[in-house]
Amino acid sequence: MYNLRMTDTFPLVSEWLKPATLKAAVFESNSLEVFYWPFNTGGLSKTTDKLWVKQWVKTDDIATESEACVRAERLDQELQLTFSDKLYDIVTCHPPCTPHFCNFLFKTGLKPATNVLPAPEAIHYQYGIDNIPCYDLEFAFKVNADFSNVVEGLHMVIDKIYDDAGKGKYPFNLPAEFRICKASQAFLSPGYDTDPNALYCFLEVLSIKGTGGYDAFSAELGDAWMKRFGGRPHWAKMWEHVPDVHARLRAQPGNVERFAKFENVRKKYDPKEIFFGNASLRAVIRGEKLPAGFNGKAVAGF
């Protein structure tokens, strides 16, 4: 077992979200997550908004919190998120409140911090998230050499949030978040790559369940990430509502070949085809036609 130093900082988007800064942060850390909380400085101006940058670095330093303290914090998180779920009813019923509500939560719930914790506690730092049912779309795409496409991807989200707000629409009320991971050799992974040292960005956008307009908001972003970066969806989250996503995934370079490799393995261990009880997977992996009346929005969970 080893310890990790977990650091939370809140730099300005305008100062930190730059390719060189992001690239340096990734290679200076054992792990990195970056969050953008909408309207976090109030009003409808993104010029002063901040990011939440979370970094983990392996350390020989002793833990700064006792096990009892960590357990108490976990209980506090459970209670806070249970309470927050009730508060979010205000936002889904009264969308114009979204900027003020998000600003309030950001200011009261987050602050700069540095803690040393055993690796399992540091990695699983958030408890109680299941107490807030939410919509969630996530796509992965290969990070380019200078990390500029990751910066562009998050700016797409921020720009979309404020463009919609200018039209009186508020389909986004939870964080956008990305993490950088090594490529996977698993055939169906959205981060699959033949180069094991390639880096992939997993970028997601979340809103509380019942938020009006999230389906169109997220579909537009998923569509843009596929066009611009060759993005692939996180299978376990919402993606079937993205325009023509099934056919587009099969059309991406190399996908048909790797899906065929997966099929060769699946046939051996799944002769009854339990895996293919899902029309979306049959369409993507086998190229089968979607059934008549297939409703991508309904399948995605809207």
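The values are calculated or read from the model by the stated rules, or taken from the named source; none is laboratory data. As the structure is a computational prediction, the values presented were derived from the model and not from experiment. Don't worry about glycine lacking a Cβ; one is built from the backbone with ideal geometry, like all the others, and counts go over all protein chains shown.
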Filter result (touching a residue at least 12 places away in the same chain (Cβ under 8 Å) and of a type in the set (A, V, I, L, M)) within the range 178-222: Ile180, Ala183, Leu188, Ala198, Leu199, Leu203, Val205, Leu206, Ile208, Ala216, Ala219, Leu221
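Kindly indicate whether Thr41 is more than 21 Å from Ala122 (Cα to Cα) and modelled with pLDDT of 85 or more.
Values: more than 21 Å from Ala122 (Cα to Cα): yes; modelled with pLDDT of 85 or more: yes.
So Thr41 passes the test.
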Flag for Asn30 being touching a Lys or Arg at 6+ places or on another chain (Cβ under 7 Å) and within 26 Å of Arg5 (Cβ to Cβ): yes
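Please indicate, with yes or no, whether at least one residue in the range 118-129 is assigned to a loop (DSSP other than H, G, I, E, B), in the same structural domain as Ser14 (by TED's automatic domain parsing) and among the aromatic types (Phe, Trp, Tyr).
Step one: filter the range 118-129 for residues assigned to a loop (DSSP other than H, G, I, E, B), giving 124-128.
Filter once more, so that each one left must be in the same structural domain as Ser14 (by TED's automatic domain parsing): 124-128.
So of that shortlist, the ones also among the aromatic types (Phe, Trp, Tyr) come out as 125, 127.
Yes, the range 118-129 contains at least one residue that is assigned to a loop (DSSP other than H, G, I, E, B), in the same structural domain as Ser14 (by TED's automatic domain parsing) and among the aromatic types (Phe, Trp, Tyr).
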Sole exception among (1) over 29 Å from Val116 (Cα atoms); (2) in a loop (DSSP other than H, G, I, E, B) for Thr92, by number: (2)
Odd one out for Asp270 among (1) surrounded by 11 or more Cβ atoms within 10 Å (Cβ to Cβ); (2) at pLDDT 95 or above; (3) under 30 Å from Leu206 (Cα atoms): (3)
Residue in the range 231-247 that is aromatic (Phe, Trp, Tyr), in contact with a strand residue (DSSP E or B) (Cβ under 8 Å, 6 or more places away or on another chain) and assigned to a loop (DSSP other than H, G, I, E, B) present: yes
Test: residue in the range 114-130 that is closer than 26 Å to Glu240 by Cβ, surrounded by fewer than 16 Cβ atoms within 10 Å (Cβ to Cβ) and modelled with pLDDT under 85: yes
Near pairs, Cβ below 6 angstrom, 6+ apart or cross-chain, from the range 138-160 (closer than 9 Å to Pro19 by Cα) to any residue that is part of a strand (DSSP E or B): Val150/Cys201
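Hey, any hits in the range 208-217 for a residue that's buried (at least 22 other Cβ atoms within 10 Å of the Cβ) and in contact with a strand residue (DSSP E or B) (Cβ under 7 Å, 6 or more places away or on another chain)?
Initial filter on the range 208-217 (buried (at least 22 other Cβ atoms within 10 Å of the Cβ)): 211, 214, 217.
Next cut, in contact with a strand residue (DSSP E or B) (Cβ under 7 Å, 6 or more places away or on another chain) only: 211, 214.
Yes, there is a match, as at least one residue in the range 208-217 is buried (at least 22 other Cβ atoms within 10 Å of the Cβ) and in contact with a strand residue (DSSP E or B) (Cβ under 7 Å, 6 or more places away or on another chain).
In the set Ser29, Ser45, which member is of a type in the set (Gly, Ala, Ser) and more than 21 Å from Asp146 (Cβ to Cβ)?
On the way: Ser29 fails: more than 21 Å from Asp146 (Cβ to Cβ).
Result: Ser45 is the single residue among Ser29, Ser45 that is of a type in the set (Gly, Ala, Ser) and more than 21 Å from Asp146 (Cβ to Cβ).
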Qualifying residue in the range 242-250 (condition: farther than 24 Å from Phe172 by Cα and surrounded by fewer than 16 Cβ atoms within 10 Å (Cβ to Cβ)): yes
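Out of curiosity, is Leu105 part of a strand (DSSP E or B) and within 20 Å of the chain's Cα centre (by Cα)?
On the way: part of a strand (DSSP E or B): no; within 20 Å of the chain's Cα centre (by Cα): yes.
Against the criterion (part of a strand (DSSP E or B) and within 20 Å of the chain's Cα centre (by Cα)), Leu105 does not qualify.
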Residue selected from the range 262-302 under the condition under 27 Å from the mean Cα position of the chain (by Cα) and among the aromatic types (Phe, Trp, Tyr), by the criterion nearest to Leu137 (Cα to Cα): Phe302
Unmet requirement for Leu110, which otherwise passes all of (1) more than 20 Å from the chain's Cα centre (by Cα); (2) closer than 23 Å to Thr9 by Cα: (1)
